[in-house]
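Novice: Below is a structure I'd like to ask you about.
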Amino acid sequence: MSIDTSPRPTSTTRSRTTRPAAPSEAAGVWLVAEREIGSKLRSKAFLISTAILFVLALAGLVFGGLAAQNQSGTAIAVTADAASLVPSNDNLEITEVADRAAAEKLVADGTVEAAIVGDPSADPFGFTVVAESSAPTSLLLQFAQVPSVELLDPEPTDDALRYLVAIGFGIVFLTAASLFGSTIAQSVVEEKQTRVVEILISAIRARTLLAGKVIGNTVLAMAQILVLAAIAVIGLTIIGQTQLLGTLGAPILWFAVFFLFGFVLLAALFAAAAAMVSRQEDIGSTTFPLTLLIMAPYFLVIFFNDNPVVLTIMSYVPFSAPVGMPMRLFLGEAQWWEPLVSLAILIATCVGAILVGAKIYQNSLLRMGARVKLGEALRG
Amino acid sequence: MLQLRNLDKSYGTHRVLTDVGFDVLPGRLTGFVGGNGAGKTTTMRIVLGVLAADAGTVTLDGAALGTDDRRRFGYMPEERGLYPKMKVLEQIVYLARLHGYSKSAATDAATALLERLGLGERLGDNVETLSLGNQQRAQIAAALVHDPDVLILDEPFSGLDPMAVDSVAGVLQERAAAGTAVLFSSHQLDLVERLCDDLVIIAEGTIRAAGDRETLRAQHSTKRYELVSTGDAGWLRAEPGVEIVDFEGGYAVFDVDTEQTAQRILRDAVARGDVGSFAPQHASLAQIFREVVR
């Protein structure tokens with residue numbers, strides 16, 4: 001090897017007025033996030049599928065609500081002293097009975113779904129609704145305000161309604177988390193596959209890139225959740241289900257909060273898992289366990305929404321808490337402090353996932369070719 | 001000055017670089033030539049910090065390279081690809097902004113550079129819709145837009161048509177003239193020979209020759225001369241100290257033992273008839289290359 005040593009300029013530092021300072025960490029993160037959001041919003045497939053999702057959500061809500069209202073012939077028993085208080089309505093098949101005992105008998109043997117009995121102590125209605133295990137929603141919705149309900153054989157909530165709400169939370173979590181989880185995974189691999197990442201890494205740090213991608217996709221996912229929440233509120237208002245809205249409002253808000261942190265947790269893990277492979281075809285091999293984590297809450301909440309033990313566990317496990325805790329809040333099973341404790345657990349897990357995810361991401365990002373082994377990715 | 005010293009790299013048991021070292025000087029174009037698998041890309045990736053060397057150092061102006069120093073680099077990876085579904089201009093603007101340019105400064109710099117590279121008509125097109133040659137120009141813009149102090153380009157000319165070669169070569173020469181240190185690899189030896197101030201030749205993971213182009217040529221020139229005359233040049237065969245390489249009528253290419261022999265041959269040739277030309281033959285890069293990689 002020979003190295004020429006003749007005198008030549010040797011300093012590479014040139015006096016430049018054009019070279020700007022490096023962007024701040026925050027500015028770098030936001031630039032990356034902005035690009036993530038922009039490229040997604042320009043994808044026709046994304047816009048169309050999102051629009052369809054919104055329309056379906058609204059349609060489902062309105063249809064479900066109207067169906068509940070139009071249930072013809074809810075059979076009820078009414079005592080004489082309450083008869084004047086019952087709204088006259090085609091949807092009610094009213095049987096007049098002499099007294100409360102007779103009414104309860106009809107409720108108990110299933111002849112009627114509920115009874116309305118005079119009760120001077122029940123302000124401001126002057127009557128109480130008596131039902132077997134749950135008061136028919138369609139009946140309660142006839143009143144401007146919710147009357148007091150007495151259950152002969154109490155079960156907290158209407159089965160059908162519980163099932164619908166469980167599916168609602170489950171499916172919204174599943175679709176949003178899998179959509180944006182796979183988006184971030186594809187975006188990470190796209191940068192590896194095209195080697196753009198080698199150019200990016202000479203400009204910004206790997207953790208800046210990761211933070212930008214997670215934040216960008218979280219913004220998109222949260223926007224979708226908030227629009228869906230708005231659709232739920234507006235839809236319920238339009239069809240006059242203000243009573244249901246009252247019960248669902250707080251759980252929906254909690255769902256949004258839990259989803260925010262739950263998604264950041266998943267996004268960091270998806271980015272890390274995707275960084276371990278170099279080709280789009282291989283994404284599935286490392287993100288499969290995460291896909292299971294996303295699907296689990298959906299199936300658990302559908303099969304076990306009447307099982308308090310499973311729901312309680314779900315509401316504290318970080319990956320299923322975004323579905324489990326709002327569900328328990330809706331059912332009225334959770335104490336006021338429970339969502340706060342669960343949220344703290346979720347946030348702590350989220351911080352841990354970001355640290356581990358960032359390590360895997362940084363260690364795997366520039367390794368092309370064969371899939372990086374998890375142990376190597378963690379050691380670096 | 002970018003200095004590479006004693007770089008070693010193995011993939012498993014396969015040694016790809018052994019004691020690789022050379023300099024890349026500011027204000028000069030350095031050509032990095034070698035066969036397939038010689039270690040060019042590996043060396044460049046180590047310089048960029050995209051790959052870690054097993055041993056050795058890379059320094060810029062005497063200091064070891066850190067993350068922030070690499071912001072002063074412009075890099076064109078071997079495997080091309082920007083974001084396929086992003087518009088050309090937006091993409092280059094994005095990269096400039098990641099280097100700290102304001103939106104307007106980034107837009108101005110990116111637009112001017114893309115126009116200079118002949119992509120002025122395609123600014124609003126998605127990268128995936130461009131021809132390979134045009135994608136390559138966009139890739140070069142990506143390496144240049146933040147006005148780097150050091151340019152590391154892996155095969156910047158491969159796949160370009162002659163027009164594109166000229167515009168890219170022009171841009172690189174401008175950058176070098178402005179003080180940038182430019183290192184680029186290429187298989188096109190004639191192009192490297194035409195463009196480069198300095199040369200680095202690598203084979204089987206070791207540097208076989210490095211330095212100033214003219215110095216290398218001088219080092220590798222055999223004392224070879226070409227004679228074009230009107231007479232029959234057959235008399236050369238009988239001259240002491242002369243070895244004929246090629247011969248046909250009045251045309252001859254021959255090696256001499258000393259400068260004096262060459263001068264004597266010239267005088268004899270003039271005495272024997274008209275001499276069209278008599279000139280020393282410089283070793284071409286292709287010749288040097290074949291010689292050093294052997």
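Readers should treat all values here as calculations from the given coordinates under stated rules, not as data from a laboratory. Since this is a predicted model, take the numbers as computed values, not measurements. Reconstructed Cβ throughout: ideal geometry from the backbone, glycine too, with neighbour counts over all protein chains shown.
Novice: Using only the alpha carbon atoms of chain A, find the Kirkwood hydrodynamic radius as the inverse mean reciprocal pair distance, in angstroms to one decimal.
Specialist: Value: 24.2 Å, from the Cα pair sum.
Novice: Moving on to the next point. Running a GNM on chain B with Cα contacts under 10 Å, which residue among B:77, B:156, B:280 ends up with the highest mean-square fluctuation?
Specialist: B:280
Novice: Sorted from largest to smallest, which semi-axis lengths in Å does the alpha carbon gyration tensor of segment B:103-142 give for its equivalent ellipsoid, taking the root of 5 times each eigenvalue?
Specialist: 17, 10, 9
Novice: Which of these, B:244, B:92, B:202, has the largest mean-square fluctuation under a Gaussian network model of chain B (Cα springs below 10 Å)?
Specialist: B:244
Novice: Still on this structure, I have one more. Using Cα springs under 10 Å in a Gaussian network model of chain A, which residue among A:77, A:59, A:115 shows the largest mean-square fluctuation?
Specialist: A:59
Novice: Calculate the length of the line joining the C-alpha centroid of segment A:198-236 to that of segment A:262-294, in whole Å.
Specialist: Going from one Cα centre to the other spans 16 Å.
Novice: Using alpha-carbon pairs under 8 Å, 6+ residues apart, how would you state the relative contact order of chain B in percent?
Specialist: That works out to 21 percent.
Novice: Can you tell me what share of the DSSP beta bridges in the protein assembly as shown is antiparallel? A percent to the nearest 5 is fine.
Specialist: 60 percent
Novice: Related question: Take A:105, B:87 and order them by how many other Cβ atoms sit within 10 Å, fewest up front.
Specialist: Listing A:105, B:87 from fewest to most nearby Cβ atoms yields A:105, B:87.
Novice: Right, something else. How large, in Å, is segment A:288-380 by the Kirkwood hydrodynamic radius built from its alpha-carbon pairs?
Specialist: Kirkwood hydrodynamic radius for segment A:288-380: 15.0 Å.
Novice: Taking the Cα centre of segment B:221-281 as the origin, how large is its charge dipole in debye, to the nearest 20, when only Lys and Arg (+1) and Asp and Glu (-1) carry charge on their Cβ atoms?
Specialist: Its charge dipole is roughly 160 debye.
Novice: Could you state, as a whole-number percent, how many of the C-alpha pairs of segment B:51-188 are farther apart than 22 Å?
Specialist: Every Cα pair in segment B:51-188 considered, those over 22 Å come to 36 percent.
Novice: Sticking with this structure for a sec: For the protein assembly as shown, build the convex hull from the C-alpha positions and give me its volume per residue in Å³.
Specialist: It comes to 191 Å³ per residue, whole-number rounded.
Novice: Given DSSP loops and a limit of at most 13 other Cβ atoms within 10 Å, what is the longest stretch of chain A that contains no such chymotrypsin sites (Phe, Trp or Tyr not before Pro)?
Specialist: A:1-335
Novice: Then there's this: Going by C-beta contacts inside 10 Å, put B:146, B:220 in order with the fewest on the left.
Specialist: B:220, B:146
Novice: Report, in listed order, any pair from A:192/A:213; A:373/B:85; A:192/A:359; A:213/A:359; A:359/B:9; B:40/B:223 with a Cα-Cα distance greater than 22 Å.
Specialist: Over 22 Å Cα-Cα: A:373/B:85; A:359/B:9; B:40/B:223.
Novice: Shifting gears a bit: Counting only other chains, and only Cβ atoms inside 10 Å, what mean value do you get across the residues of A:177-185?
Specialist: Across the residues of A:177-185, the mean count of other-chain Cβ atoms within 10 Å is 0.
Novice: Over all residues in B:98-105, what is the mean tally of Cβ atoms on other chains that come within 10 Å of each residue's Cβ?
Specialist: Whole-number average of other-chain Cβ neighbours for B:98-105 is 5.
Novice: What is the projected area of the convex hull of the Cα atoms of segment B:221-281, averaged over all directions, in nm²?
Specialist: Result: a mean projected hull area of 3.4 nm².
Novice: Considering the dipole of chain B built from charges on the beta carbon (Lys and Arg +1, Asp and Glu -1) around the Cα centre, which of B:66, B:4, B:181 is farthest to its positive end?
Specialist: B:66
Novice: Something else now. Where Rh is the Kirkwood radius over the Cα pairs of chain B, the temperature 20 °C and the viscosity 1.002 mPa s, what D in µm²/s does Stokes-Einstein return?
Specialist: For these conditions, the coefficient is 100 µm²/s.
Novice: Can I ask one more? Mean residue ellipticity at 222 nm from the helices of chain B, using -39,500 (n - 2.57) per DSSP H segment of n ≥ 4 over the full residue count, to the nearest 500 deg cm²/dmol?
Specialist: Taken over chain B, the calculation gives -10500 deg cm²/dmol.
Novice: Percentage of Cα-Cα pair distances in segment A:202-341 greater than 20 Å, rounded to whole percent?
Specialist: Value for segment A:202-341: 57 percent of Cα pairs lie more than 20 Å apart.
Novice: Just rank A:359, A:44, B:40, fewest to most, by other beta-carbon atoms within 10 angstrom.
Specialist: A:44, A:359, B:40
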